[in-house]
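First the structure, in the form of structure tokens, and then the observations on it.
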Amino acid sequence: MPFERTLSQRRDPFGRIDEDSDSGFREVRQRPLVQNVRKLTNLEDNVGRNEPNNRRDVAKVETLMAREGRFDISRTDGPTGIFSIGLEGSIKDFQTDNSLKSDGLITPRGETITSMISLTSLDAEGGEDDGSDNGDGKGGGNTPTPEPKPPPPEPKPEPKDPDGKPTPPKPEPKPDPPPKPKPKPDPPPKPDPNKPDCSDLEVALDNAEAILDQGEAELAAVEAEIAGEKAELESQLANLQQELDAMITAKKPMGIAVTGIGVAAGGIGGGLAGSAISGGIGTLPGVASGAKFGLEAAERAREKIQADIDAKQQEISDIQAQIDALDARLAPLEAAVAEAESLVSEAQIALDACMAAERG
């Protein structure tokens, strides 16, 4: 319910009255707040969190909760009249145990105070009461005799300096200033709908560069794997080529020799034929047979060299085929790297154009 705060009724978040602002605090603490228990359930206003919490009303509720065994007032030598978290918890426990709404709030004629009236035996503690009031705010009926007040403590002598003058009191320390609130971060700028968004192109460029890096790594790994084998094959190929060149060089004199032998045999045959006509033919078969033998020998030597040349060329072809097979393993990887380089180039061009448009 609405409540207007005054200097004498300031409350903290739990509804407690500020001790320093209540001029009657010492008087209330020096005498019982409630002496006639018949009036324990007669509240003037609400008691609860952020409620008026009249000190007499709070003291009545404290006493009722203590009678129910739910609140300890022995620690404070009786009720304090100050609403606290512990008292709020006691009220909620009572409400829960009695199937009431557990909100920690007690109103003058609400269901919580009505339940307390039905459960609390007032005669056992308060005796007869005629309902009158003595005018001092303590109620009528059987009033217990208050205990004698202890004598007030003797005032302490004021401290004095060496000259006998009273020492001025020390100034109270100033409270720490409240912490400054942290500045709120600036909100992110809103995107301009009229300017292009280049974020997708940046992602495309990053993806293209990642593909290129992966392709180059795979190509380098295969190149390192076949490098040794390819170097050895290329060395063998060079040696075979040198041997082939030597064979071809050696074959040329054999061809010339075979040709010369044939020409010589023809000349000899012609001369012998003339001699045979003039002097007889008895020597002709022997001379022709010798020339033919020499020509056949030279021809066989040349054929042998040609066969060696053909074999060497075949070895060279086999080695070259192995080298080509190794290069074939690199071809798809090289093509993939070239394609990735093209993608990176296209993505970079598109991103540069977008950023230029964004700045413009």
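Couple of notes before you dig in:
- Efficiency of FRET from Cβ geometry, GLN214 and ASP318, R₀ 41 Å, rounded to 0.05: 0.70
- Normalised convex hull volume, segment 205-254, alpha-carbon set, Å³ per residue: 67
- If the chain linking GLN236 and VAL203 were pulled fully straight, counting 0.36 nm for each residue of separation and taking away their Cα-Cα distance, it would gain 7.0 nm.
- Taking each of LYS252/LYS312; LYS230/LYS251; LYS251/LYS312; LYS251/LYS292 in turn, the alpha-carbon distance tops 25 angstrom for LYS230/LYS251.
- Estimated FRET transfer efficiency when R0 is 35 angstrom, pair ARG49-LYS170 (beta carbons, to 0.05): 0.40
- Net lengthening on full extension, ALA338/LYS304 (0.36 nm per residue, minus Cα-Cα): 7.3 nm
- Segment SER99-ALA328, extension gain: residue separation times 0.36 nm, minus the distance between their alpha carbons: 73.6 nm
Every read-out reported here was derived from the displayed coordinates using simple, explicitly stated rules and does not represent laboratory data. From a predicted model like this one, the values you see are computed outputs, not experimental measurements. In this analysis, Cβ positions are derived from the backbone assuming ideal geometry, glycine residues included, and neighbour counts consider all displayed protein chains.
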